[in-house]
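Nothing in this text is a laboratory measurement; each read-out follows from the coordinates by a stated rule. Note that the structure is predicted; figures quoted are calculated from it, not measured. We place every Cβ from the backbone using ideal geometry, glycine too, and count neighbours over all the protein chains shown.
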Amino acid sequence: MWLHTSCDMTFEIGIPTPFILMLRLRSGAHQWVGSEKFRLDPGVPVYEFTDNYGNLCQRLIAPPGPFSIHSEAEVKIAYEVDTAPGAYFVEIEYLPDAVLSYLLASRYCESDRFCQMATEITAGHLLGYDQVKAIENYLRNNIRYEPEGSDVPSSAVEVNTRGWGVCRDFAHIGIAMCRSISIPARMVVGYLHNLEPMDLHAWFEAYVGGRWYTFDATQKVLKGGYVVMGYGRDAADVAIYNQFGPAVYPMTQNVKVKLLDEPVS
């Protein structure tokens, strides 16, 4: 299917402020970017680079006054998300080098605190994909999804204690549980077609059966429509923007995802 995605943000900048953005999409194994537009107002010099996780990032300095960011793209993705019940657990010695970092605890995913809990949740399930599916089902049934909850990132331990969270929080606790039983897991941010309420979205992927698979406990049914913007160990790696200096927050943020019959540009 072809999707049209867009994200618009406006800021009021007090002093020259350095930004690192992560709003441009990249083509990959599961998506093809047919066209895109990226606009800053006022226009400023931009330096683009690829970070350690393969994400396309932009460095710039926003000038004082109104500042807006517009990003849109037409993206081709599969109609369905791949699933693989029974996919095998990959022994550590056979994991690709690039996957190993996703086994380690990180800022918001304290995997060393979840081994007993994850072991109990996955007891009786085949090692690998079925274990991750058991974790996903547990989160869906035991953590309350609050899509308009806190904007402040929470750690997996904090989410587990309070019993509710936004999509980012669900990803953190799912990742922490997977890593605690030696299954590599990473956070993904991007767009989801038909998400309610519409906004940018976060989910997680686990490495089983020799590849990455998508898991999302915030949705009752795993369906197509996921567009990847960035990957990382947790929310600290996949912020759509980082700014440095006095805190600046978007005055407005508008996200849209539209189904297209064919690309129109």
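Before moving on, here are some points about what is shown:
- Antiparallel bridge percentage (DSSP; both residues within the chain; nearest 5): 95 percent
- Bridgeable lysines around residue 220 (alpha carbons under 26 Å apart, same-chain partners fewer than 8 residues away excluded): 76, 133, 256, 258.
- Directionally averaged shadow of the range 154-239, computed from the convex hull of its alpha-carbon atoms, nm²: 5.8 nm²
- Pairwise centroid distance, computed over Cα atoms, of the range 143-177 with the range 187-265, Å: 15 Å
- Projected over all directions and averaged, the alpha-carbon convex hull of the range 92-237 occupies 8.1 nm².
- Residue with peak Gaussian network fluctuation, the chain [Cα springs, cutoff 10 Å], from 202, 84, 171: 84
- Take the Cα of residue 182, go 7 Å toward its beta carbon, and the backbone nitrogen atoms of the range 68-103 under 12 Å from that spot belong to 89-95.
- Residue 37-residue 236 FRET efficiency (beta carbon distance; Förster radius 30 Å; 0.05 resolution): 0.60
- Pairwise label distance in nanometres, residue 15 with residue 140, each label 7 Å out on the Cα-Cβ vector: 4.9 nm
- Once the Cβ-Cβ distance of residue 92 and residue 252 is raised to the sixth power relative to R0 = 35 Å, the FRET efficiency obtained is 0.15.
- Value in Å of the Kirkwood radius, where the chain supplies the Cα pairs that are averaged: 19.2 Å
- For the chain, built as a Gaussian network whose Cα springs stay under 10 Å, the top-fluctuating residue of 183, 135, 20: 20
- Potential extension, residue 107-residue 29 segment - 0.36 nm per residue separation minus Cα distance: 25.3 nm
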